[in-house]
Amino acid sequence: MSKRREKKSIEELSKENEQLRADLEELRRQRAAWLGKHKAVPKREDVTFDSLSGRELQPLYTPIDNGVYDPEYLEKLSLPGEYPFTRGPYTTMYRTRLWTMRQFSGFGTAEETNERYKYLLEHGQTGLSVAFDFPTLMGYDSDDPRSEGEVGVCGVAISSLADMERLFEGIPLGDVSVSMTINGPAMMLYCFLLATAEKQGVDLKEFRGTIQNDILKEYMAQHAWIFPPEPALKIIADIFEWSSKHAPKFNTISISGYHIREAGSTAVQELAFTLKNGFTYVEKGIERGLDVDEFAPRLSFFWDVHNDFFEEVAKFRAARRIWARHMKEIYGAKNPESWRLRTHAQTAGVSLMAQQPENNIARVAYQAMAAVLGGTQSLHTNALDETLALPTEKSVRIALRTQQILAYETGVAHTIDPLAGSYYVEWLTDQMEADAERIFEEIDELGGVVRGIEEGYFQGQIAHSAERFQQEVESDQRIIVAVNEFTGGNDDVSIDLLKIGREIQEKQGKRLAELRATRDSERVEAALDRLTRAAQEDENLMGPMLDAARAYATLGEIRHALEKVYGRFREPIFF
Amino acid sequence: MAERKIRVLVGKPGLDGHDRGAKVVAAALRDAGMEVIYTGLHQTPEQIVQAAIQEDVDVVALSILSGAHMTLFPRVLEKLREEGMDHVLLTGGGIIPAEDMEKLREMGVGKLFGPGTTTAEAVNYIQEWFEKEHAGAD
């Protein structure tokens, strides 16, 4: 019985307005009465009823809080796949394709990790994500004295193209997309990967994958850097420029909140710092003379997903809206692909507890659900034992199964953005957007992101939030199960842990010695000299570096060739 | 009876960049009235021992989450001994399996703390060690 819309007189319209106002007044009156009754009932005293980030929360949210009568729905939420993408980056979301189940993994030598990858792919994983060891993350070869004791321990050791070839032996890089968590030496590892793909016969024009390549958050939180900010940002702009021509489907950066959050920030700080880093990269690309629509579609994001369920969902939604608005209105992007924020997510490592580690399965499951309700494009679920060691095959399988249960059993992927219109979630989404905008202004007043890093603004904010959280836990204001409450059963700590042997370092050392003896050393020298000259002349480094990689120059040698020109980053210590 | 402040060097050896724990613990030790020096990241064992000598500390507390603890703790311990700093307590924390903690303790490293430890436990441990160590001296 649908009525046709009639033309209305001004009198009729103002009458309707009056009616709307009257309805709202009625709701206000009833809510006030409700609140009176609510206040009269005793409340629990063992919790604070605020959000994880310390936001004061009302017991009830209604249209008064988030303005459902507001005709701004289309402007603020719109439809999935439509600007400003609050309800999701794609039109059909999980109805067309589930998120990519991408477990971050790597340890020991390339062969061992290769085996683990094949195991994961056999068990239904749909993408790969490489964890490197600390020497690789810092740009040191496995046989460098500074690598002593760390080779293959926290991830896989990759010192040259030869190691990368072994890592993907028998894994078709044209079919399985690879994401690499690498930042300081991102360009080196990217070149090793490109050269491996070439050898497998992959057309680079069609090559898909991701490098994290987000150096700003390294200075803020994760701390695996090599060069000072200015040359590091130049290298990133080089990657944007080269890839837009030669590997246009590759995600050249994954702007990451994950490490900022793990280092201690709140959800809002994670949101704001990360997006501001993203805008900084966009500005660098534009400064280079690139058209924003040439490189912005290849920018992707990476969020942490922590315990506070609704705050996490709101964070994902707010991020998409903020990014879209800034890209369109401030940076003048015209291609909708440049407005669309796509993201990976990982459950919060810091939320895992050593006490009764099996409980971590439950934490991970809730976090994973929040990421999916927030509309993530890919997801890593942590294994229950990761607070004690690298995960075993069994614990990794449980983590993957957790995603599969979520995807196939719970039904949460059936509808798009099912929490939209929730008074609470929409209110939180708006609040987080407003808070983030306020933090952007604060950073601008400081003189921008690089200045903020040099002055320790981000490091200080993150450390302060970490301290506050720890104090809240230790004063029992926040309950962590089996840590400060419900500790019965804590003595039972019999779980199997994965051990990494010292022989990895020897094996890698021998391998590098062999490589150095058998490769064409003149070709290596020439390629490295050419690379140093390119840095001196401020040319794009991608071409010369790819040649050095193809010649089997090692990671450490390439780093050294550039360090001669750029020097090293020295951490300003704020404590 | 003016009590002297306990001097603690909080160090991050190796290539490990995880400094959340080190900073939280350093702040807690300082709040508990200790004099705290934080080395910053990516320090070699030599750099840490040099800093310990220069700052004349009572305690060296290392934070290691990279799995390199069986290399780095023994090396710092050895250098401390070489420099005649036997009176210094070497302690710390991180992702360290219980059996490794035991092995390191046998070598002469102090108590090590794993994930989920409260900062109060670390503070108490250092205070008690210091009182015991200096009980006869006053």
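Values quoted throughout were computed directly from the atomic coordinates according to the rules given, and no laboratory measurement underlies them. No experiment lies behind these values; they were computed from the predicted model shown. All Cβ positions, glycine included, derive from the backbone under ideal geometry; neighbour counts span all protein chains shown.
Which of the lysines could a cross-linker bridge to A:Lys7, judged by Cα under 24 Å and excluding same-chain residues fewer than eight apart?
Cα-Cα hits under 24 Å: A:Lys15.
Taking the Cα centre as origin and putting +1 on Lys and Arg beta-carbons and -1 on Asp and Glu beta-carbons, what dipole magnitude results for region A:96-474, to the nearest 20 debye?
Rounded to the nearest 20 debye, it is 1120 debye.
Taking the Cα centre of region A:302-407 as the origin and placing charges on Cβ (Lys, Arg +1; Asp, Glu -1), which of A:Trp339, A:Ile405, A:Leu373 is farthest toward the positive end of the dipole?
Selected residue: A:Trp339.
Are any of the pairs A:Lys118/B:Lys12; A:Lys118/A:Lys315; A:Lys205/A:Lys284; A:Lys245/A:Lys507; B:Lys103/B:Lys132 more than 31 Å apart by Cα-Cα distance, and if so, which?
Violating the 31 Å Cα-Cα cut-off are A:Lys118/B:Lys12; A:Lys118/A:Lys315; A:Lys245/A:Lys507.
List A:Lys234, A:Lys15 from most exposed to least, where exposure is judged by having the fewest other Cβ atoms within 10 Å.
A:Lys15, A:Lys234
Kirkwood Rh and Cα-based Rg: tell me the resulting Rg over Rh for region A:96-474, rounded to two decimals.
0.94
In debye to the nearest 20, how big a dipole does chain B give about its Cα centre with +1 on each Lys and Arg Cβ and -1 on each Asp and Glu Cβ?
Dipole about the Cα centre, nearest 20: 340 debye.
Just how large is the dipole of the protein assembly as shown about the Cα centre, in debye to the nearest 20, putting +1 at every Lys and Arg Cβ and -1 at every Asp and Glu Cβ?
Using Cβ point charges on Lys, Arg, Asp and Glu, the protein assembly as shown gives about 2160 debye.
Report, as a whole number in µm² per second, the diffusion coefficient that Stokes-Einstein gives for the protein assembly as shown at 20 °C and 1.002 mPa s using the Kirkwood radius over alpha carbon pairs.
It comes out at roughly 79 µm²/s.
For q = 0.09, 0.15, 0.17 Å⁻¹, what log10 I(q)/I(0) does region A:218-350 give under the Debye formula with an equal point scatterer on each alpha carbon and no solvent?
Normalising to I(0) and taking log10 leaves -0.26, -0.72, -0.91.
Once phi is turned into ³J(HN,Hα) by the Karplus curve 6.51 cos²θ - 1.76 cosθ + 1.60 with θ = phi - 60°, what whole-Hz value does each residue of region B:77-87 show in order, with x for glycine and proline?
Those phi angles translate into 4, 4, 5, 4, 5, 4, 8, x, 9, 5, 6 Hz.
Over its Cα atoms, what ratio of radius of gyration to 2.2 N^0.38 Å does region A:334-412 give?
1.23
Translational D (Stokes-Einstein, µm²/s) of region A:406-458 at 37 °C and 0.692 mPa s when Rh comes from the Kirkwood sum over C-alpha pairs?
Result for D is 233 µm²/s.
Report, by chain and number, residues whose modeled amide H sits under 5 Å from the one on A:Ile253, excluding near sequence neighbours (fewer than 5 apart, same chain).
A:Ile211, A:Ser300
Ignoring everything except DSSP H segments at least 4 long, calculate the 222 nm mean residue ellipticity for chain A; use -39,500 (n - 2.57) per segment, divide by total residues, nearest 500.
Value at 222 nm, helices only, nearest 500: -15000 deg cm²/dmol.
Pop out the ³J(HN,Hα) list for region A:161-176 in order, Karplus 6.51 cos²θ - 1.76 cosθ + 1.60 with θ = phi - 60°, rounded to Hz; leave Gly and Pro as x.
Each residue's phi maps through the Karplus curve to give 3, 4, 5, 5, 4, 5, 4, 10, 4, x, 10, x, 5, x, 10, 9 Hz.
Give the residue list of chymotrypsin sites (Phe, Trp or Tyr not before Pro) in region A:288-362 that are DSSP loop and have at most 12 other beta-carbon atoms within 10 angstrom.
In loop regions of region A:288-362 (DSSP not H, G, I, E or B), there are no sparsely surrounded chymotrypsin sites (Phe, Trp or Tyr not before Pro).
Just want the ordering: A:Ser521, A:Ser129, from fewest to most Cβ atoms lying within 10 Å of their own Cβ.
Going from least to most buried by this count: A:Ser521, A:Ser129.
Could you list the residues of region A:536-552 with an amide nitrogen less than 13 Å from a label point located 7 Å from the Cα of A:Asp520 in the Cα-to-C-beta direction?
From region A:536-552, the list is A:547-552.
Under a 5 Å amide H to amide H cut-off, with H placed in plane at 1.01 Å, what residues pair with B:Gly92 once short-range neighbours are removed?
So B:Gly92 has HN proximity to B:Leu62, B:Phe113.
If each DSSP helix of 4+ residues adds -39,500 (n - 2.57) and the sum is divided by the residues in chain B, what number results at 222 nm, nearest 500 deg cm²/dmol?
Using -39500 (n - 2.57) per qualifying helix, the result is -14000 deg cm²/dmol.
With r defined as the distance between the Cβ atoms of A:Glu571 and A:Thr532 and R0 fixed at 30 Å, what FRET efficiency is calculated, to the nearest 0.05?
0.75
When the distances between all Cα atoms of region A:120-279 are binned every 5 Å from zero, what whole-number percent does each bin get?
Pair shares across the bins are 2, 9, 17, 20, 20, 17, 11, 4, 1.
What FRET efficiency do you get for B:Glu55 and A:Thr415 if R0 is 56 Å and r is their Cβ-Cβ distance, rounded to the nearest 0.05?
0.40
Once region B:7-133 is represented by equal point scatterers at the alpha-carbon sites, with solvent omitted, what log10 I(q)/I(0) does the Debye formula produce at q = 0.12, 0.13 Å⁻¹?
Result of the Debye calculation: -0.37, -0.44.
Projecting each Cα onto the charge dipole of region B:7-133 (Lys/Arg +1, Asp/Glu -1 at the beta carbon, about the Cα centre), which of B:Val59, B:Ala28, B:Phe73 comes out farthest on the positive side?
The one lying farthest along the dipole's positive direction is B:Ala28.
Which residues' amide hydrogens lie under 5 Å from the amide hydrogen of A:Ala345, considering only partners 5 or more residues apart or on another chain, with H built in the peptide plane?
Amide H neighbours of A:Ala345: A:Trp303, A:Ser378, A:Leu379, A:His380.
What share of all Cα pairs of region A:167-251, in percent, falls into each consecutive 5 Å distance bin?
Histogram of Cα-Cα distances, whole percents per bin: 3, 14, 26, 23, 16, 11, 6, 1.
Say the dipole of chain A comes from +1 at the beta carbon of Lys and Arg and -1 at that of Asp and Glu; which of A:Trp34, A:Ala348, A:Leu428 then lies farthest toward its positive end?
Toward the positive end, the furthest listed residue is A:Trp34.
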